[in-house]
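Colleague: Please find one structure pasted underneath; my questions will follow.
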Amino acid sequence: MTEVTLSNVVKRYGKQQAVHGIDLDIQDGEFLVLVGPSGCGKSTTLRMIAGLEDISDGEISIGNRVVNDLPPRERNISMVFQNYALYPHMTVRENLGFTLQIAKQPEAQITRAVNEAAGILGLDELMDRKPAELSGGQRQRVAMGRAIVRQPDVFLFDEPLSNLDAKLRTQMRVEIKKLHQRVGNTIIYVTHDQVEAMTLADRIVLMRDGHIVQVGTPLELFNTPVNTFAATFIGSPPMNLADGVVSDAGTIVLRDSLTIPVPKSARAHVKPGQKVQLGFRADNLMPVGHAVEEKGELVDLELTVALTEPLGTETLLFADLAGLEVQAKMLNPRPVQPGEKLAFHLMLDKTHVFDAASGVALRG
Amino acid sequence: MRRRIPEWFVLLLPAFIVIAAVVLIPLIFSLYSSFTPYKLTRPSTLWRWIGTANYEKILTDVKFWSAFGRTILFLTIALNVELLLGLLIALMVNKVTWGQRTLRTILMFPMMFSPILVGFQFKFIFNDNIGLVNNALQSLGVSNAALPWLVDGNLAMFSIIFAEVWMSTSVFAILILAGLFAIPQDPLEAAKVDGCTPWQTFRHITLPFLMPFIFIAMTIRSLDVARAYDIVQIMTGGGPAGRTELLWTLMSRTGYVDARMGLANAMGYVSILLSIAFTVYFFKKLSAARAELGMGG
Amino acid sequence: MDRNQTHRNRRRIYKALHFFGLFLIMEVICIPGLWIVLNSFRPTVEIMAKPPVWNPTFTLDHYRAMFGGAGEGGVPVFLYFRNSLIVSVTSTAIAILIGMGGGYAFARYRFAFKNSYFVGLMLFRAVPGVALSLPLFIVFARVGLIDTHFGLILVYVAMNVPFTIWLTDGFFRQIPKELHEAAEIDGCTRWQAFWRVEFPVARSGVASAAIFAFLTSWNEFALASQLTRSVGSKTMPVGLLDFTAEFTINWGGMCALAVLMILPALILTFIVQKHLIAGLTFGGVKG
């Protein structure tokens, strides 16, 4: 059983602190994604787990064994790097077998393990090539194969897809997920791309500035972001945020005196006069007649559309809400002219209220 | 927390030790002896402290100052000619479409020659009696009398500069050529479309891009400026009548022929400072040029 | 004449000039070397002939004399060659090992005053050989290292280490540090990771650094001429002086020895010439 536990893990570079005391329990076989903007400490955290960075404070254990001072080779992990880090002077076969060769495994066993990994990833025809002769996607596969051959307790992925073009990225995403289903090992995966995080993760750890912002399943993060940062980072397009003030009458007054009732979930948590931000996703602001099945409390709005982005099954509308450009989604789209006024429904149940000063979500 | 000797220090330690043993200690010794009237023939003189007398003697010595001035002049002319010629050769070779590899190989030829060999080679070639140059000039009827290449003061200076340039231009040519290969094509094409003349393109795009390469060549060269000593020592030995006397030949004569080590070491320090000044200057230029092109790091 | 015609003519003139210039330069580069080779095969009488003889006769006299031991010059070429080889190869090997360690430290570790250390090391390389030879002579005489292989090897190691550090630093910097990390994760110790992954990848760079170190040692004169005395330790550049007497020089014999000196350098350089250029530029520019 390979749980990975981080308790109060800190990383300091001189006086600068890159990671501020992270606590995390990763279950055996879990696919955990660390996501956040660049410089948030996610890669540093991963590298501390790998043993490539010293741990300034706190404790990391892998499979109930404290590994703080163990070198990487004794942690029984494997890692896929952003730039793949294939050994350029070795063939694919040698790259795959390197780890077993270092471990002085018998030749027959190396061959068997290498062939098996090659089979899983479809590398059979590339075995005698050097990395320089491979395409980006193939290199990516070899890097993954190298990780498999080692039969590690934990797989670590450091932004493995960010050097691929969009099409390959989608393809490899699927392969990584398949790999996880097949080998079932614990995977810790770092990315700055929220789509990767959403699609791959069992659980997402959202980080910013060396702190954990929120931990949860992809849907938890999507549906109940703890603050405005989580709300805008997860989900595409990012959540619309409109500044407003809570009135005595239990409504939120936006600019131009536009008032919107306080959503049910937030009612107990706001005070009159409090400055707040109203947050809602494009999926929850839809033109009347072009929406999904509408449930719960709805707010009627009439907005002017400034720009459209047709995507096929839906069209993104950039509309003007009290002087603020918001994005809305139109299903079963029809052509919309810029400047056209449309009636919209805002789904209040899926609308969030955040404290304007702290950004923290107000809900019960 | 454990405290260990940092790894980088362990890795650098052997280098520090060797250099300390072979360069630093002798240099400290020579610094000390430059304050004594040390003569090889009389070891006891090593213990007589005479303060800065040696330096005062040097600084008031006309012979020293003319050697110093000549060294600066020699280096200025040689380095500039090497740079310009190297640039010219690189540009010409870069334009060649056929047989470029062969040309590049030929360019590397002088780099393999020992400086002392270069000295002998040109002493032979410039020999007034049997040298290739005079033989050729006379056979072709250009000149009737033998030109005293190594005997006339000005001609001798020209000859040693020629030898020095012959030996060192290839470093410039090869590095600048490497720079030319690495120039991105887009800005060049953009300049052409924008209506730049070839000269303008060269001046505003090619040359700035080449600067780091030029400074690397300069820096590498400046590490080894004193190599010219071998050449001069062999070709003229500082003669005729001191007309090609450089700092280095003067120093070596003072030390080894006159055995006045204290005085020679004082000169040595001047020459060391000179070399260091050159190296530091070009290192600074190199870092600046790198930073400008965003190659630093 | 129309403009097209003028441009065409001008281009023709440029082309001719270009060709002529290149031809001239290559002549100047090649002729001195070829002159040495040619004269090593000519009898002394012909070399000294006045008026000059332009039709060379071929003779192996100088080589025969050179290898025959106490022949006309009686210069023990074999011993000099052996000394040069021992000193150059050993000092190059040691300088590469030490320099590689230093270059690796500069490329991979962060520490205070790194740049100052680096420039400082280079400055030691800049100390002129003549200036160093004076005190070094006295120090070596004290500790009994004059006229030994070991003394000369030591000096050349110290001379070559800084530049080797410069070159290898550049090469190790080219190698992404993830390679080292990947190797460590794959089960290597840091030592193994270096020798199994980083060193093989940087091999060509190290080779070019080695060539430079070798050429420096092989060709060095200023220090060797003071630190060696007998045939037991004199190197070939110093040996060249054996052909000079008070007023005469045995040109033919000297040319033969010169050819022997250039040959190994020539062969070595041509084998790795591609890496040589890459080595210089990588080390410097991207450093």
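Colleague: So, in the stretch B:63-100, how many residues would count as being over 30 Å from B:G242 (Cβ atoms) and facing chain C (nearest Cβ under 9 Å)? First the steps, then the outcome.
Modeller: Within the stretch B:63-100, the subset over 30 Å from B:G242 (Cβ atoms) is B:86-100.
Subsequent filtering for residues that are facing chain C (nearest Cβ under 9 Å) retains B:88-89, B:92-93, B:95-96.
So the answer is 6.
Colleague: Here is a list: A:A113, A:A143. Which entry is touching a helix residue (DSSP H, G or I) at 6+ places or on another chain (Cβ under 6 Å), buried (at least 16 other Cβ atoms within 10 Å of the Cβ) and at pLDDT 90 or above? Walk me through it before giving the result.
Modeller: Details: A:A143 fails: touching a helix residue (DSSP H, G or I) at 6+ places or on another chain (Cβ under 6 Å).
Sole residue among the options that is touching a helix residue (DSSP H, G or I) at 6+ places or on another chain (Cβ under 6 Å), buried (at least 16 other Cβ atoms within 10 Å of the Cβ) and at pLDDT 90 or above: A:A113.
Colleague: Same structure, new question: Looking at (1) within 17 Å of A:P237 (Cα to Cα); (2) touching a helix residue (DSSP H, G or I) at 6+ places or on another chain (Cβ under 7 Å); (3) modelled with pLDDT under 90, which is the one condition that is false for A:L316?
Modeller: In the conditions (1) within 17 Å of A:P237 (Cα to Cα); (2) touching a helix residue (DSSP H, G or I) at 6+ places or on another chain (Cβ under 7 Å); (3) modelled with pLDDT under 90, A:L316 misses (3) alone.
Colleague: Now, a different point. Could you check the stretch B:48-75 and list, in sequence order, the residues that are assigned to a helix (DSSP H, G or I) and among the β-branched types (V, I, T)?
Modeller: As a first pass, look at the stretch B:48-75 and keep what is assigned to a helix (DSSP H, G or I): B:53-59, B:62-75.
Those that are assigned to a helix (DSSP H, G or I) and among the β-branched types (V, I, T): B:I58, B:V62, B:T71, B:I72.
Colleague: Among the residues of the stretch A:89-96, are any hydroxyl-bearing (S, T, Y) and not in a loop (DSSP other than H, G, I, E, B)? It would help to see each step written out before you state the result.
Modeller: Pass one, the stretch A:89-96, residues hydroxyl-bearing (S, T, Y): A:91.
Narrowing the set further to residues that are not in a loop (DSSP other than H, G, I, E, B) leaves none.
Looking through the stretch A:89-96, none of the residues is hydroxyl-bearing (S, T, Y) and not in a loop (DSSP other than H, G, I, E, B).
Colleague: So is A:F81 farther than 24 Å from C:F199 by Cα and within 31 Å of the chain's Cα centre (by Cα) or not?
Modeller: Taking the combined requirement at face value, the residue does not satisfy it.
Colleague: Does C:V206 fit the bill of being β-branched (V, I, T), in a helix (DSSP H, G or I), touching a Ser or Thr at 6+ places or on another chain (Cβ under 8 Å) and away from chain B (no Cβ under 13 Å)? Explain how you work it out, then say what you get.
Modeller: Working: β-branched (V, I, T): yes; in a helix (DSSP H, G or I): yes; touching a Ser or Thr at 6+ places or on another chain (Cβ under 8 Å): yes; away from chain B (no Cβ under 13 Å): yes.
Answer is yes for this residue.
Colleague: Still on this structure, I have one more. Restricting to the stretch C:179-203, give me the number of residues that are in contact with a helix residue (DSSP H, G or I) (Cβ under 6 Å, 6 or more places away or on another chain), facing chain A (nearest Cβ under 8 Å), assigned to a helix (DSSP H, G or I) and over 14 Å from A:M90 (Cβ atoms).
Modeller: Count: 2.
Colleague: Quick check on the stretch B:223-266: of everything there that is within 15 Å of the chain's Cα centre (by Cα) and of a type in the set (D, E, K, R), which residue is surrounded by the most Cβ atoms within 10 Å (Cβ to Cβ)?
Modeller: Going through the stretch B:223-266, the residues within 15 Å of the chain's Cα centre (by Cα) turn out to be B:223-233, B:246-249.
Restricting the remaining residues to those that are of a type in the set (D, E, K, R) gives B:224, B:227, B:230.
On the way: B:D224: 19, B:R227: 24, B:D230: 26.
The qualifying residue surrounded by the most Cβ atoms within 10 Å (Cβ to Cβ) is B:D230.
Colleague: If you don't mind, another one. Just give me the residues in the stretch A:72-85 being aliphatic (A, V, I, L, M) and facing another protein chain (nearest Cβ under 8 Å), in sequence order. Working first, answer last.
Modeller: If we filter the stretch A:72-85 for residues that are aliphatic (A, V, I, L, M), which is where we start, we get A:77, A:79-80, A:85.
Hits for the stretch A:72-85 are A:I77, A:M79, A:A85.
Colleague: Just name the residue that is nearest to the chain's Cα centre (by Cα) out of those in the stretch A:248-265 that are among the small types (G, A, S) and surrounded by fewer than 16 Cβ atoms within 10 Å (Cβ to Cβ). Break it down stepwise before answering.
Modeller: Of all residues in the stretch A:248-265, those among the small types (G, A, S) come to A:249-250, A:257, A:265.
Then drop every residue that is not surrounded by fewer than 16 Cβ atoms within 10 Å (Cβ to Cβ), which leaves A:249-250, A:257.
Details: A:A249: 39, A:G250: 35, A:S257: 37 Å.
The residue in question is A:G250.
Colleague: If you scan the stretch C:229-239, which residues turn out to be facing chain B (nearest Cβ under 10 Å) and surrounded by fewer than 24 Cβ atoms within 10 Å (Cβ to Cβ)?
Modeller: Once the filter is applied, which keeps residues that are facing chain B (nearest Cβ under 10 Å) and surrounded by fewer than 24 Cβ atoms within 10 Å (Cβ to Cβ), the stretch C:229-239 yields only C:V238.
Colleague: In addition: At pLDDT 90 or above and touching a Phe, Trp or Tyr at 6+ places or on another chain (Cβ under 6 Å), is that true of C:A105?
Modeller: Numbers: at pLDDT 90 or above: yes; touching a Phe, Trp or Tyr at 6+ places or on another chain (Cβ under 6 Å): yes.
Judged against the criteria, C:A105 is a match.
Colleague: Just give me the residues in the stretch C:209-228 being in a loop (DSSP other than H, G, I, E, B) and more than 12 Å from chain B (Cβ to nearest Cβ), in sequence order. First the steps, then the outcome.
Modeller: Kept after step one, since they are in a loop (DSSP other than H, G, I, E, B), are these residues of the stretch C:209-228: C:220-221, C:228.
C:T228 - this is the single residue of the stretch C:209-228 that is in a loop (DSSP other than H, G, I, E, B) and more than 12 Å from chain B (Cβ to nearest Cβ).
Colleague: Wholly within the stretch A:18-80, which strands (runs of 3 or more DSSP E) include no fewer than the required count, namely at least 1 residues that are of a type in the set (F, W, Y), in the same structural domain as A:I176 (by TED's automatic domain parsing) and touching an Asp or Glu at 6+ places or on another chain (Cβ under 7 Å)? Before you say what the answer is, go through the steps one by one.
Modeller: Numbers: elements: A:31-35, A:57-62, A:77-80.
Strands (runs of 3 or more DSSP E) meeting the threshold: A:31-35.
Colleague: Would you pick out the residues in the stretch A:287-311 that are modelled with pLDDT under 90 and either assigned to a loop (DSSP other than H, G, I, E, B) or under 26 Å from the mean Cα position of the chain (by Cα) (or both)?
Modeller: Residues satisfying the conditions are A:V288, A:G289, A:H290, A:A291, A:V292, A:E293, A:E294, A:K295, A:G296, A:E297.
Colleague: Give me the helices (runs of 4 or more DSSP H) completely within the stretch A:187-246, filtered to those with at least 2 residues that are more than 26 Å from A:D320 (Cβ to Cβ) and not small (G, A, S), ordered by residue number.
Modeller: Values: elements: A:194-200, A:218-223, A:228-233.
Ranges flagged: A:194-200, A:218-223.
Colleague: Before we move on, is A:V299 touching a helix residue (DSSP H, G or I) at 6+ places or on another chain (Cβ under 9 Å) and either farther than 23 Å from A:G323 by Cβ or among the hydrophobic types (A, V, I, L, M, F, W, C) (or both)? Quick ask: steps written out before the conclusion?
Modeller: Values: touching a helix residue (DSSP H, G or I) at 6+ places or on another chain (Cβ under 9 Å): yes; either farther than 23 Å from A:G323 by Cβ or among the hydrophobic types (A, V, I, L, M, F, W, C) (or both): yes.
It is true that A:V299 is touching a helix residue (DSSP H, G or I) at 6+ places or on another chain (Cβ under 9 Å) and either farther than 23 Å from A:G323 by Cβ or among the hydrophobic types (A, V, I, L, M, F, W, C) (or both).
Colleague: Looking for something under 26 Å from C:T164 (Cα atoms), within 8 Å of another protein chain (Cβ to nearest Cβ) and in a loop (DSSP other than H, G, I, E, B) - is there at least one such residue anywhere in the stretch B:21-32?
Modeller: No - not one qualifying residue is present in the stretch B:21-32.
Colleague: Return the residues of the stretch A:190-211 that are under 19 Å from A:Q27 (Cα atoms), surrounded by fewer than 22 Cβ atoms within 10 Å (Cβ to Cβ) and out of contact with any Gly (no Cβ under 9 Å at 6 or more places or on another chain); say none if nothing qualifies.
Modeller: A:T199
Colleague: Right, next: Considering only residues of the stretch C:41-62 that are over 24 Å from B:A146 (Cα atoms) and touching a residue at least 60 places away in the same chain (Cβ under 8 Å), which is farthest from the other protein chains (Cβ to nearest Cβ)?
Modeller: Kept after step one, since they are over 24 Å from B:A146 (Cα atoms), are these residues of the stretch C:41-62: C:41, C:57-62.
Checking the rest, the ones that are also touching a residue at least 60 places away in the same chain (Cβ under 8 Å) come to C:61-62.
On the way: C:D61: 17, C:H62: 14 Å.
The extreme case among them is C:D61.
Colleague: Right, next: With the structure loaded, tell me whether A:R173 is without any contact (Cβ under 8 Å) to a residue 60 or more places away in the chain and touching a helix residue (DSSP H, G or I) at 6+ places or on another chain (Cβ under 7 Å) or whether it fails that test. Step through it out loud before you land on a result.
Modeller: Details: without any contact (Cβ under 8 Å) to a residue 60 or more places away in the chain: yes; touching a helix residue (DSSP H, G or I) at 6+ places or on another chain (Cβ under 7 Å): yes.
It is true that A:R173 is without any contact (Cβ under 8 Å) to a residue 60 or more places away in the chain and touching a helix residue (DSSP H, G or I) at 6+ places or on another chain (Cβ under 7 Å).
Colleague: Identify, from the list C:I47, C:I25, C:I13, the residue that is more than 27 Å from B:P110 (Cβ to Cβ) and β-branched (V, I, T).
Modeller: C:I13
Colleague: Consider C:F23 against the criteria (1) within 31 Å of the chain's Cα centre (by Cα); (2) part of a loop (DSSP other than H, G, I, E, B); (3) over 17 Å from C:G252 (Cβ atoms): it satisfies all of them except one. Which criterion is unmet?
Modeller: Status for C:F23: all satisfied but (2).
Colleague: A follow-up question, please. How about the stretch A:273-282: which of its residues are over 18 Å from A:N223 (Cβ atoms) and surrounded by 11 or more Cβ atoms within 10 Å (Cβ to Cβ)? Working first, answer last.
Modeller: In the first step, residues of the stretch A:273-282 are kept if they are over 18 Å from A:N223 (Cβ atoms); the result is A:273-276.
Within the stretch A:273-282, A:Q274, A:K275, A:V276 meet the criteria.
Colleague: If I go through the stretch B:95-129 residue by residue, how many of them are surrounded by fewer than 19 Cβ atoms within 10 Å (Cβ to Cβ) and among the β-branched types (V, I, T)?
Modeller: The total comes to 5.
Colleague: Checking the condition closer than 30 Å to A:Y13 by Cα and either in contact with a Lys or Arg (Cβ under 7 Å, 6 or more places away or on another chain) or among the aromatic types (F, W, Y) (or both), which residue from C:F113, C:F41, C:F78, C:F20 passes? First the steps, then the outcome.
Modeller: Details: C:F41 fails: closer than 30 Å to A:Y13 by Cα; C:F78 fails: closer than 30 Å to A:Y13 by Cα; C:F20 fails: closer than 30 Å to A:Y13 by Cα.
Answer to the check: C:F113.
Colleague: While we're on this one: Here are some conditions: (1) touching a residue at least 60 places away in the same chain (Cβ under 8 Å); (2) within 11 Å of chain B (Cβ to nearest Cβ); (3) surrounded by 20 or more Cβ atoms within 10 Å (Cβ to Cβ). C:R108 meets all but one. Which one does it not meet?
Modeller: (3)
Colleague: Now, a different point. For the structure I just gave you, tell me whether B:L140 is surrounded by fewer than 19 Cβ atoms within 10 Å (Cβ to Cβ), within 27 Å of the chain's Cα centre (by Cα) and within 14 Å of chain C (Cβ to nearest Cβ).
Modeller: On the way: surrounded by fewer than 19 Cβ atoms within 10 Å (Cβ to Cβ): yes; within 27 Å of the chain's Cα centre (by Cα): no; within 14 Å of chain C (Cβ to nearest Cβ): yes.
Judged against the criteria, B:L140 is not a match.
The values are calculated or read from the model by the stated rules, or taken from the named source; none is laboratory data. Since this is a predicted model, take the numbers as computed values, not measurements. In this analysis, Cβ positions are derived from the backbone assuming ideal geometry, glycine residues included, and neighbour counts consider all displayed protein chains.
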